[in-house]
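Comments concern the structure below.
The values are calculated or read from the model by the stated rules, or taken from the named source; none is laboratory data. Just so it is clear, the structure is predicted and the values come from calculations on it, not from any experiment. All Cβ positions, glycine included, derive from the backbone under ideal geometry; neighbour counts span all protein chains shown. Side chains included, ligands, DNA and RNA excluded: accessible areas come from the protein's heavy atoms. Shrake-Rupley method; radii C 1.70, N 1.55, O 1.52, S 1.80 Å.
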Amino acid sequence: MTGNRSPRRDFRALTQRRGAYDSAMMFDVQLQVAATGALVWAQSFSDEQQADAFQRQLDEDLQSMEDEAFRRKYGVPAST
């Protein structure tokens, strides 16, 4: 059981940029397992400001939420 453990100890958020069609850019906000770098999930955005806002919210939730609440909000299985 994860209890009141902070998700910041187990996860990190990163944004990856990648090229898309017609020279456009895509921004993938990723949730990764901190210890291994394994990808838990990624959310893709075509707008950099939306990606930045989502990553800021994710980072804030990693800092402020308890583990179980964070996992529920972001769909992270307990086995991860």
Residue span Asn4 to Met26: 0.36 nm per residue of separation minus Cα-Cα distance leaves a gain in nm of 4.4 nm
Residues whose modelled amide H sits under 5 Å from the amide H of Arg5, counting only those 5 or more places away in sequence or on another chain, are Asp67
Taking only the alpha-carbon positions of the chain as identical scatterers, the Debye log10 I(q)/I(0) at q = 0.17, 0.18, 0.22, 0.23 Å⁻¹ comes out as -0.65, -0.72, -0.98, -1.05
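Let me check I've understood the local charge: for Gly19, count other residues with C-beta under 15 angstrom from its C-beta, Lys and Arg +1, Asp and Glu -1. What total comes out?
Values: positive: Arg17, Arg18; negative: Asp22, Asp28, Glu48.
Residues near Gly19 contribute -1 overall.
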Long-range amide H partners of Val40, meaning residues 5 or more apart or on another chain whose placed amide H is closer than 5 Å, are Leu31, Gln32, Val33
For the stretch 54-63, in residue order, the Karplus 3J(HN,Hα) values (coefficients 6.51, -1.76, 1.60; θ = phi - 60°; whole Hz; Gly and Pro = x) are 5, 5, 4, 5, 4, 4, 4, 5, 4, 7
From highest to lowest solvent-accessible area (probe 1.4 Å; ligands, DNA and RNA excluded), Leu14, Leu62 read Leu14, Leu62
With label points set 7 Å from each Cα along the Cα-to-Cβ direction at Leu39 and Gln57, the distance between them in nm comes to 2.2
